[in-house]
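The values are calculated or read from the model by the stated rules, or taken from the named source; none is laboratory data. Please read these numbers as outputs of a predicted model, since none were measured by experiment. Here the Cβ positions follow ideal geometry from the backbone for every residue, glycine too, while neighbour counts run over all protein chains shown. Protein only, heavy atoms only, side chains kept; ligands, DNA and RNA dropped before computing areas. Shrake-Rupley method; radii C 1.70, N 1.55, O 1.52, S 1.80 Å.
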Amino acid sequence: QQGMTVAPVVANLGPLEALTLTPNPDEVEEVFTLPLAHLLREENQGYTHFRTASGYGYTLPVFLNGPHRVWGLTAMVTELTLELLLPGRY
């Protein structure tokens, strides 16, 4: 959707098991966590290549080997967050 605004928030919420999250079911299928150590392992990092009908191509990050593949906008925000939190390690 064009014109969409995304406002990522990074926070320490404490133990997630104690939280009751109620995401919008039209936008979020499932809530899960991944440790930073998992995201930082090279074997769990990759890229997805896309091509459009016009031949335009682009590459987006993807995080693998967790309970789900993290891709799309979530992976983009995750990658930017890792770059900000851990410069030189990611």
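How many residues are assigned to a helix (DSSP H, G or I) and either closer than 14 Å to residue 73 by Cα or within 16 Å of the chain's Cα centre (by Cα) (or both) when one looks only at region 1-26?
Applying the first criterion (assigned to a helix (DSSP H, G or I)) to region 1-26 yields 16-18.
With either closer than 14 Å to residue 73 by Cα or within 16 Å of the chain's Cα centre (by Cα) (or both) added as a condition, the list becomes none.
Residues that pass the stated criteria total 0.
Is there a residue being more than 10 Å from the chain's Cα centre (by Cα), farther than 19 Å from residue 6 by Cβ and surrounded by 10 or more Cβ atoms within 10 Å (Cβ to Cβ) anywhere in region 56-64? Before the answer, list the steps.
Going residue by residue through region 56-64, those that are more than 10 Å from the chain's Cα centre (by Cα) are 56-60, 64.
Next, only the ones that are farther than 19 Å from residue 6 by Cβ stay: 56-57, 59, 64.
With the extra rule that they be surrounded by 10 or more Cβ atoms within 10 Å (Cβ to Cβ), the set shrinks to 64.
So far as region 56-64 goes, yes, one or more of its residues are more than 10 Å from the chain's Cα centre (by Cα), farther than 19 Å from residue 6 by Cβ and surrounded by 10 or more Cβ atoms within 10 Å (Cβ to Cβ).
Among 83, 29, 79, 43, which is the only one that is open to solvent by 100 Å² or more (accessible area, probe 1.4 Å) and not in a loop (DSSP other than H, G, I, E, B)? Reasoning before the result, please.
Working: 83 fails: open to solvent by 100 Å² or more (accessible area, probe 1.4 Å); 29 fails: not in a loop (DSSP other than H, G, I, E, B); 79 fails: open to solvent by 100 Å² or more (accessible area, probe 1.4 Å).
Sole residue among the options that is open to solvent by 100 Å² or more (accessible area, probe 1.4 Å) and not in a loop (DSSP other than H, G, I, E, B): 43.
Collect the residues in region 65-76 that are open to solvent by less than 40 Å² (accessible area, probe 1.4 Å) and in a loop (DSSP other than H, G, I, E, B), keeping them in residue-number order. Working first, answer last.
Taking region 65-76 and keeping what is open to solvent by less than 40 Å² (accessible area, probe 1.4 Å), we get 66, 70, 72, 75.
Across region 65-76, the qualifying residue is only 66.
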